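One structure is given here, and the rest of the page talks about it.
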Amino acid sequence: MDAHSKQDLAAEVAAHLSRVVDATPLEHKPFDHLVLTDPLPPALYSSFLAKLPTDEFYRPLHHSDAMLPDGRSARLQFPLIASNIRRLPDSSRTFWAAVTAGLHSPVVLDAYRRKFAGVLSRVRQKPVEHVRLRPYTTLFRDLGGYKISIHPDSPRKAVTTQFYLPQDDSQQHLGTLFHAREADSSFRLARAMRFAPNSGYAFAVTPHSYHSVAAMQNGDRPRNSLMIIINYDRGSVIETIKTTQKHARAVYDSLRGRRRPEGGEGRYEM
């Protein structure tokens with residue numbers, strides 16, 4: 001893929017996603033959210049699956065819900081930052097660099113800002129046009145035993161978006177669950193997302209955006225997804241420090257042996 005093709009792919013991804021966000025009705029119960037259909041360009045969906053990194057490029061995420069009894073993590077993560085993407089085989093590297101550029105495009109951020117303007121303005125207590133946002137994109141691969149307990153997400157986040165990347169409809173039971181909190185502090189299941197090909201959701205993060213994922217069974221195939229986490233910008237100094245830390249972790253991963261193979265794309269297994 002040459003530089004022109006890379007720019008074309010980034011522009012296609014950005015234009016398509018921004019149109020989908022703009023066109024998707026905002027739903028308000030149990031909290032403000034979108035149910036997304038074909039958030040990625042449908043003609044490219046097979047490429048997203050084919051170019052998912054193989055396991056050796058992912059890092060284990062050490063979170064209490066992800067840890068298995070034997071000490072391994074059931075959640076693998078591949079942050080889509082430049083120093084990580086550079087470790088991939090050539091064609092995959094160019095593809096993911098272009099996709100990330102598209103997902104981070106100002107037109108995409110503006111679409112989310114328009115759609116969730118009411119919540120963003122209320123949370124930050126300022127006009128939405130003055131709310132500064134910063135996107136972070138990552139791939140996840142969840143394995144048998146993984147679960148997410150009910151939680152609202154970190155208040156540092158403005159919008160959480162997840163695109164599901166299964167090969168077919170056989171994993172629909174692995175979708176994210178949305179919950180409403182009752183007067184007695186118990187939780188009621190309010191909506192279940194379907195883990196279907198090229199589908200997903202987005203929600204504005206508030207103290208009430210409760211969601212979870214039921215425990216995966218050992219027989220479940222890996223749960224692949226792409227997540228765009230749109231954070232509130234904390235200013236140039238803090239954001240520079242956080243970016244430097246992310247890149248340092250990518251270098252550490254490379255030194256530990258998660259390096260780009262000598263030629264070839266590697267295998268992709270669901």
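The values are calculated or read from the model by the stated rules, or taken from the named source; none is laboratory data. All figures in this text were calculated on a predicted structure; none of them were measured in a lab. In this analysis, Cβ positions are derived from the backbone assuming ideal geometry, glycine residues included, and neighbour counts consider all displayed protein chains. Note: accessible area is taken over every heavy atom of the protein model, side chains too, but ligands, DNA and RNA are not part of it. Shrake-Rupley method; radii C 1.70, N 1.55, O 1.52, S 1.80 Å.
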- Item | region 206-233, residues that are over 15 Å from residue 109 (Cα atoms) and open to solvent by less than 20 Å² (accessible area, probe 1.4 Å) | 209, 211, 212, 213, 216, 223, 224, 225, 226
- Those residues of region 151-200 which are touching a residue at least 60 places away in the same chain (Cβ under 8 Å) and not in a strand (DSSP E or B), in sequence order: 156, 165, 166, 167, 193, 197, 198
- Note on the structure: Exactly one of 65, 38, 32, 22 is loosely packed, with under 15 Cβ neighbours inside 10 Å, acidic (Asp, Glu) and more than 19 Å from residue 91 (Cα to Cα), and that one is 22
- Message: Against the conditions (1) touching a Leu at 6+ places or on another chain (Cβ under 9 Å); (2) surrounded by fewer than 16 Cβ atoms within 10 Å (Cβ to Cβ); (3) at pLDDT 95 or above, where does residue 72 fall short? Just the number, please.
- Response: (3)
- Query: What is the number of the single condition among (1) of a type in the set (S, T, N, Q); (2) at pLDDT 95 or above; (3) over 21 Å from residue 74 (Cβ atoms) that residue 171 does not meet?
  - Reply: (3)
- Residues being in a helix (DSSP H, G or I) and out of contact with any strand residue (DSSP E or B) (no Cβ under 7 Å at 6 or more places or on another chain): count how many of those fall in region 22-60. 12
- Task: Tell me which of these residue 3 doesn't satisfy, since it passes every other one: (1) modelled with pLDDT under 95; (2) within 28 Å of residue 172 (Cβ to Cβ); (3) open to solvent by 60 Å² or more (accessible area, probe 1.4 Å); (4) of a type in the set (A, V, I, L, M, F, W, C).
- Result: (2)
- Message: Looking only at region 75-91, filter to residues that are of a type outside the set (A, V, I, L, M) and modelled with pLDDT of 95 or more; which one of those is farthest from residue 174 (Cα to Cα)?
- Response: 79
- Message: Take residue 141 and tell me if it is in contact (Cβ under 8 Å) with a residue 12 or more places away in the chain, open to solvent by 10 Å² or more (accessible area, probe 1.4 Å) and closer than 17 Å to residue 229 by Cβ.
- Response: no
- Every pair of residues 6+ apart whose Cβ atoms lie under 8 Å, when the first sits in region 2-16 and is part of a helix (DSSP H, G or I) while the second is open to solvent by 70 Å² or more (accessible area, probe 1.4 Å) and modelled with pLDDT under 90: 9/1
